[in-house]
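Encoded as structure tokens, the structure appears first; notes follow it.
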Amino acid sequence: MSPAPRLHVVRAGALTTVQDAGRPGYAHLGVGQAGALDGPAARLANRLVGNPPGAAVLETTLTGCAVRPEAPVVAVVGGAGCRVTVDGRPVAWGAPVRVPAGAVLDAGPAACGLRGYLAFAGGLEPEAVLGSRSADLLSGLGPPPLREGDALPLGDPAECGPPPAGPVPWPGAPAELVLPVHPGPRHAWFTEAALRTLLTAAYRVSPHSNRIGLRTEGPALERSRTGAAGELPSEGMVLGAIQVPPDGRPVVFLNDHPTTGGYPVLGVVPEAALAAAAQAVPGTGLRFVRA
């Protein structure tokens, strides 16, 4: 049997990783979920090339990437809006395009949004770890972030189903990020003024945000417990948890978050609301509202 054709990395971009639906269910082993931060965008890109929803894709960050397949492949570039070219010729963003063998597919810098998704008919097939091909930046599980010269095996496009007929709508990047909050479990560790501040103050997305957590800039939240009473043993952390470190600025945990932590969690953002957070560029206005 001949080896599977590969996808060669020509330009890796600021941060490009392989992501799929992630590896949920291993938190008791200290392994986080990982997976595409903008799950709906990754699933839609897969749908447009006929892949199953959880097929592995490339997730880019801000500056895009460029790749060259060894065999002809149908690809889609979605998520963050950007200029897309094949061997320098403009092609459609957000729609299937045929990339000839040896041609360079280039997803340019994001014009709106933050994270792009490149899906290929048949999917990407690096070695799976605990049932997932996703890169986890915190634990180091899965394939490492891409570098120029890397090559990834491509799956068999013959196994793809039919793509949808006609164009499909892509959600835009948020002009303002609004995150609903379920209070708890440690909201009692904060003053009433802090709880009011969280739900009324204007925050911004910090440039220090990453796949581990969305960090914020804005007013600090004051604890009601200090000194020895303010020490909290490490406890389990869930996706969307709003943890408040000593500087008082809330951090919303994203897919590569740690499975335990010792700072109090003021509330939790529902998973369905986190896709917009994946596309919020640094400086985007942010409001927390009661769920």
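The values are calculated or read from the model by the stated rules, or taken from the named source; none is laboratory data. As the structure is a computational prediction, the values presented were derived from the model and not from experiment. Using ideal geometry, Cβ is built from the backbone for each residue, glycine included, and neighbour counts are taken over all protein chains shown.
Does Arg211 qualify as being farther than 12 Å from Val265 by Cα, crowded, with 20+ Cβ neighbours inside 10 Å and among the charged types (D, E, K, R)?
Against the criterion (farther than 12 Å from Val265 by Cα, crowded, with 20+ Cβ neighbours inside 10 Å and among the charged types (D, E, K, R)), Arg211 qualifies.
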Please determine, by comparing only the residues of the stretch 166-202 that are under 20 Å from Val77 (Cβ atoms) and among the aliphatic types (A, V, I, L, M), which one is surrounded by the fewest Cβ atoms within 10 Å (Cβ to Cβ). Val168
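Identify all residues within the stretch 20-51 that are within 15 Å of Ala121 (Cα to Cα) and of a type outside the set (A, V, I, L, M); write none if there are none.
Asp20, Arg43, Asn46, Arg47, Gly50, Asn51
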Given (1) in contact with a helix residue (DSSP H, G or I) (Cβ under 7 Å, 6 or more places away or on another chain); (2) farther than 30 Å from Ala41 by Cα; (3) loosely packed, with under 15 Cβ neighbours inside 10 Å, index of the condition Pro219 fails: (3)
Say whether the condition of being touching a residue at least 60 places away in the same chain (Cβ under 8 Å) and either out of contact with any Cys (no Cβ under 6 Å at 6 or more places or on another chain) or closer than 17 Å to Ala188 by Cα (or both) is met by at least one residue in the stretch 225-236. yes
Met237 meets each of (1) crowded, with 18+ Cβ neighbours inside 10 Å; (2) out of contact with any Phe, Trp or Tyr (no Cβ under 7 Å at 6 or more places or on another chain); (3) under 22 Å from Leu137 (Cβ atoms) with one exception, condition (2)
So which of Gly262, Gly236 is touching a strand residue (DSSP E or B) at 6+ places or on another chain (Cβ under 9 Å) and closer than 26 Å to Ala36 by Cβ? Gly236
Going by the structure shown, is Leu29 at pLDDT below 95, among the hydrophobic types (A, V, I, L, M, F, W, C) and within 24 Å of Thr259 (Cα to Cα)? yes
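Matching residues to (1) in a helix (DSSP H, G or I); (2) at pLDDT below 95; (3) among the acidic types (Asp, Glu); (4) touching a strand residue (DSSP E or B) at 6+ places or on another chain (Cβ under 6 Å):
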residue: Arg196; (1), (2), (3), (4): yes, no, no, no
residue: Pro207; (1), (2), (3), (4): no, no, no, no
residue: Asn210; (1), (2), (3), (4): no, no, no, no
residue: Arg215; (1), (2), (3), (4): no, no, no, yes
residue: Ala220; (1), (2), (3), (4): no, no, no, no
residue: Asn255; (1), (2), (3), (4): no, no, no, no
residue: Ala272; (1), (2), (3), (4): yes, yes, no, no
